[in-house]
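Report on the following structure.
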Amino acid sequence: MKIHNPKSLEEAVQLKKSYPEAVYFAGGTYVYSLGHDFADAIDISRVVRNEIYHTMNHVHIGAMATLEKILLSELSPLILRNGAKLCPSLQQRSAATIGGNIAQRRDDGYLTAAVLASEPVIVLMTENGRLEVSADDYMAGKYDGLILEFIFRKNLKGDVKRIGRTSHMHMAVSGAECNGVYAYTASSSGFAKGGKDSWQDIAFESDSLGSADYKRYLLSVMF
Ligand SMILES: Cc1cc2nc3c(=O)[nH]c(=O)nc-3n(C[C@H](O)[C@H](O)[C@H](O)COP(=O)(O)OP(=O)(O)OC[C@H]3O[C@@H](n4cnc5c(N)ncnc54)[C@H](O)[C@@H]3O)c2cc1C
């Protein structure tokens, strides 16, 4: 395993093209977790920003912002702060980044429901240059690339909920509501977004966190 240290975004993307098996190394909490096999890694900590700042109508969050930074910053949208809080470990929150979390498109992702419901624009660096895509399209796997930042509208109102057996176990289900848009996740089953009943679009599967019927019921009464 080799760790590459690109000096520019362009070089990072070029390295990924040259080494397709390589992973981007952000906080490293997933790629570096015990027993996780990975090939080469591309350290993006020097080329992707971690700032959180406001412009006239938007809140910008760099993809290298950690969940702890998002949680503590009063500049972060409240729904995202509450999403970051779903990661129960201070140690993990202090390293895990929003880019690394969303890039995995997890159906037990700490930020999956909050990001889907709050509909930020996601800025990517691709082989063809910078690209702005919707969170929906990114989460649906329509685009890949190095995530640079998330751009949220200001004054979002909403909340996030999660249900799991304990705070430190993977969540069975989660849901978020933001300005009338709902998003839901269910472990091993995927995620859905839309109206209040959009949880019905999930093809529920049983796993060690709960049966398909249990997860379906939890989401039906969540909001
Ligand atoms: C014990 C344990 C339990 C966990 N439980 C959960 C859980 O319940 N829910 C959950 O969501 N996560 C969980 N995780 C995984 C992980 O901690 C989080 O998903 C974290 O947010 C990943 O962020 P990171 O910065 O550490 O990503 P990294 O580990 O650095 O990278 C993760 C993946 O994202 C890609 N990536 C990283 N940054 C970017 C970027 N800017 N652009 C494009 N691709 C990128 C990498 O190529 C890699 O494939 C757990 C991890 C551990 C060790």
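Assorted remarks:
- The alpha carbons of the range 1-44 stretch over 30, 18, 12 Å along the principal axes, in descending order.
- Each principal axis of the Cα cloud of the chain was taken in turn, and the coordinate range along them, longest first, works out to 49, 45, 32 Å.
- With DNA, RNA and ligands ignored, accessible area of T29 (1.4 Å probe; Å², nearest 10): 60 Å²
- Between amide H atoms placed 1.01 Å from N, distances below 5 Å from I42 occur with H4, V23, Y24, F25, all of them 5 or more places distant or on a separate chain.
- Helical content alone sets the calculated 222 nm signal of the chain at -6500 deg cm²/dmol, taking -39,500 (n - 2.57) per DSSP H segment of four or more residues and averaging over every residue.
- Probe 1.4 Å, all protein chains present, accessible-area order of D197, D40, D136, largest first: D197, D136, D40
- Note that the range 89-95 has calculated 3J(HN,Hα) couplings of 9, 4, 4, 5, 4, 6, 10 Hz, one per residue in order, obtained from phi through the Karplus relation 6.51 cos²θ - 1.76 cosθ + 1.60 (θ = phi - 60°); glycine and proline are x.
- Taking the convex hull of Cα positions in the range 45-153, its mean projected area over all directions (nm²): 6.5 nm²
- Against the chain, whose longest principal axis is taken from its Cα atoms, helix 9-18 shows a tilt of about 90°.
- For the range 44-53, Karplus couplings with θ = phi - 60° (6.51, -1.76, 1.60), whole Hz, Gly/Pro x: 9, 5, 8, 10, 9, 7, 10, 6, 10, 8
- Averaging the sequence gap over all C-alpha pairs within less than 8 Å and six or more residues apart, then dividing by the number of residues, gives the chain a relative contact order of 16 percent.
- Largest first, the residues K16, K85, K7 sort by 1.4 Å accessible area into K7, K85, K16.
- Per-residue HN-Hα couplings for the range 167-184 [Karplus 6.51, -1.76, 1.60; θ = phi - 60°; Hz; x = Gly/Pro]: 4, 8, 8, 4, 7, 7, 9, 8, x, 9, 10, 9, 6, x, 9, 10, 9, 9
- Dipole moment magnitude, nearest 20 debye, the range 58-109 about Cα centre, only Lys, Arg, Asp, Glu C-beta charged: 20 debye
- By accessible area with a 1.4 Å probe, ligands and nucleic acids excluded, highest first: order of V221, V181, V123: V221, V181, V123
The values are calculated or read from the model by the stated rules, or taken from the named source; none is laboratory data. None of these values were measured; they are calculated from a predicted model. Don't worry about glycine lacking a Cβ; one is built from the backbone with ideal geometry, like all the others, and counts go over all protein chains shown. In case anyone asks, the SASA skips ligands and DNA or RNA and just uses the protein heavy atoms, side chains included. Shrake-Rupley method; radii C 1.70, N 1.55, O 1.52, S 1.80 Å.
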